[in-house]
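First up is the structure itself, then whatever we jot down about it.
The values are calculated or read from the model by the stated rules, or taken from the named source; none is laboratory data. Here the structure is a predicted model, which means the values were calculated and not measured. Please note: Cβ atoms are built from the backbone with ideal geometry, for glycine as well, and neighbour counts cover all protein chains shown.
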Amino acid sequence: MNIALILAGGTGTRIGSDIPKQYILVNHKMIITHCLQVFGTHPQIDAVQIVANPQWHEEISGQMPKCVAEKFRGFSKPGTNRQLSIYHGLQDMMRYAKETDTVIIHDAARPLVSAAMLSACVDSCKEHDGVMPVLPMKDTVYLGDGGKIVSLLEREKIYAGQAPEAFLLGKYYEANKALMPERIAQINGSTEPAVLAGMDIAMIPGDEENFKITTQTDLERFRRMLNDTWAGDENESICVRGDRAVNV
């Protein structure tokens with residue numbers, strides 16, 4: 001079984017809104033709803049678990065596409081940081097899933113994830129313990145110490161990680177459990193616990209359009225992309241970009 005863990009517990013203060021970014025309406029639907037659509041329609045995603053504060057459960061359920069509702073397994077409570085939220089989700093999954101199942105971790109604020117990316121993540125976990133999409137660095141990267149450069153880094157070996165990240169559930173759960181209760185608060189990326197535990201993590205090409213909505217500029221970019229190419233009737237519109245199909 002392949003289980004999507006959608007993270008929607010963040011506050012999103014950098015975007016300057018009075019509500020978290022994943023709940024902002026774009027074309028009459030919350031950003032998380034746009035995100036969920038891809039997971040609901042994907043044939044390799046069997047279940048969906050969502051991390052969200054209780055105050056948003058009703059809104060999420062009210063906009064949840066039917067294809068997602070059929071796979072929805074429940075809400076998990078957010079933690080004090082992103083990785084603890086993931087751990088709470090993993091704990092809930094372990095009540096109904098097998099250790100050999102795959103968890104696909106994704107941010108609700110990345111609504112333009114493609115079906116092809118989900119397939120690539122799921123397929124990579126058939127041969128590895130986990131997988132992370134990455135983008136190569138475009139700029140020269142330096143190692144700094146305070147106000148001066150300490151050393152040069154090899155740009156061709158430096159990558160920026162993206163979500164979704166996928167892992168074998170049992171191994172990844174144990175990797176996170178080993179960091180409890182204090183070390184997990186120091187984790188910044190989903191793949192860090194897997195690397196610390198010595199798991200075999202593959203890298204696959206990332207997608208420039210699979211950006212995380214963090215600022216107002218990101219939000220406007222998403223709005224433009226939704227309205228760039230679309231087709232539909234007067235009752236429902238479908239935004240089409242490559243293999244992305246998003247109800248708007």
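Counting only residues that are within 25 Å of ALA197 (Cα to Cα) and among the small types (Gly, Ala, Ser), segment 138-179 holds 7 of them.
Each row is one residue, and each column tells you yes or no for (1) closer than 30 Å to LEU25 by Cβ; (2) of a type outside the set (D, E, K, R).
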{"position": "ALA109", "(1), (2)": "yes, yes"}
{"position": "VAL113", "(1), (2)": "yes, yes"}
{"position": "VAL150", "(1), (2)": "no, yes"}
{"position": "ARG155", "(1), (2)": "no, no"}
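Report yes if LYS148 is surrounded by fewer than 16 Cβ atoms within 10 Å (Cβ to Cβ), over 25 Å from THR33 (Cβ atoms) and either of a type in the set (S, T, N, Q) or at pLDDT below 95 (or both), otherwise no.
Values: surrounded by fewer than 16 Cβ atoms within 10 Å (Cβ to Cβ): yes; over 25 Å from THR33 (Cβ atoms): yes; either of a type in the set (S, T, N, Q) or at pLDDT below 95 (or both): yes.
Against the criterion (surrounded by fewer than 16 Cβ atoms within 10 Å (Cβ to Cβ), over 25 Å from THR33 (Cβ atoms) and either of a type in the set (S, T, N, Q) or at pLDDT below 95 (or both)), LYS148 qualifies.
Among the criteria (1) under 16 Å from the mean Cα position of the chain (by Cα); (2) buried (at least 17 other Cβ atoms within 10 Å of the Cβ); (3) outside any loop (DSSP other than H, G, I, E, B), the one ARG110 does not fulfil is (3).
Could you tell me how many of the residues in segment 151-166 are in a loop (DSSP other than H, G, I, E, B) and surrounded by 12 or more Cβ atoms within 10 Å (Cβ to Cβ)?
Here is the first cut: in segment 151-166, the residues in a loop (DSSP other than H, G, I, E, B) are 153-154, 158, 162-164.
After this cut, where a residue has to be surrounded by 12 or more Cβ atoms within 10 Å (Cβ to Cβ) as well, the list is 153, 158, 162-164.
So the count comes out to 5.
How about segment 1-47: which of its residues are of a type in the set (A, V, I, L, M), in a helix (DSSP H, G or I), within 17 Å of CYS121 (Cα to Cα) and in contact with a Leu (Cβ under 9 Å, 6 or more places away or on another chain)? Hit for segment 1-47 is VAL38, nothing else.
For the condition free of Cβ contacts under 8 Å to residues at least 24 places away in the same chain and under 21 Å from ALA115 (Cα atoms), what is the one hit in PRO43, PRO65?
On the way: PRO65 fails: free of Cβ contacts under 8 Å to residues at least 24 places away in the same chain.
After applying the criteria, what remains is PRO43.
Restricting attention to segment 123-137, the residues that are out of contact with any helix residue (DSSP H, G or I) (no Cβ under 9 Å at 6 or more places or on another chain) and under 19 Å from GLU192 (Cα atoms) add up to 5. The residue of segment 113-130 that is surrounded by the fewest Cβ atoms within 10 Å (Cβ to Cβ), among those that are in contact (Cβ under 8 Å) with a residue 40 or more places away in the chain and part of a loop (DSSP other than H, G, I, E, B), is GLU127.
One line per residue, one yes/no per condition, for (1) over 16 Å from the mean Cα position of the chain (by Cα); (2) under 22 Å from HIS128 (Cα atoms); (3) surrounded by 21 or more Cβ atoms within 10 Å (Cβ to Cβ); (4) among the hydroxyl-bearing types (Ser, Thr, Tyr):
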site	(1), (2), (3), (4)
LEU25	yes, no, no, no
LYS29	yes, no, no, no
SER61	yes, no, no, yes
ASP92	yes, no, no, no
ARG95	yes, no, no, no
THR100	yes, yes, no, yes
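Against the definition (out of contact with any helix residue (DSSP H, G or I) (no Cβ under 8 Å at 6 or more places or on another chain) and closer than 27 Å to GLU182 by Cα), how does TYR87 come out, yes or no?
Working: out of contact with any helix residue (DSSP H, G or I) (no Cβ under 8 Å at 6 or more places or on another chain): no; closer than 27 Å to GLU182 by Cα: yes.
Criteria not met by TYR87.
SER76 passes every criterion in (1) free of Cβ contacts under 8 Å to residues at least 12 places away in the same chain; (2) touching an Asp or Glu at 6+ places or on another chain (Cβ under 9 Å); (3) polar (S, T, N, Q) apart from (1).
For segment 51-96, residues that are more than 21 Å from HIS28 (Cβ to Cβ) and among the small types (Gly, Ala, Ser) total 5. I'm trying to understand the selection: among the residues of segment 151-172, which are in contact with a strand residue (DSSP E or B) (Cβ under 9 Å, 6 or more places away or on another chain) and more than 30 Å from GLN49 (Cβ to Cβ)? Those that are in contact with a strand residue (DSSP E or B) (Cβ under 9 Å, 6 or more places away or on another chain) and more than 30 Å from GLN49 (Cβ to Cβ): SER151, LEU152, LEU153, ARG155, GLU156, ILE158.
Filtering segment 17-39 for residues that are within 26 Å of LYS98 (Cα to Cα), touching a Cys at 6+ places or on another chain (Cβ under 7 Å) and in contact (Cβ under 8 Å) with a residue 40 or more places away in the chain leaves an empty set. Being β-branched (Val, Ile, Thr), crowded, with 18+ Cβ neighbours inside 10 Å and either in a loop (DSSP other than H, G, I, E, B) or within 16 Å of the chain's Cα centre (by Cα) (or both) is a property that ILE50 has.
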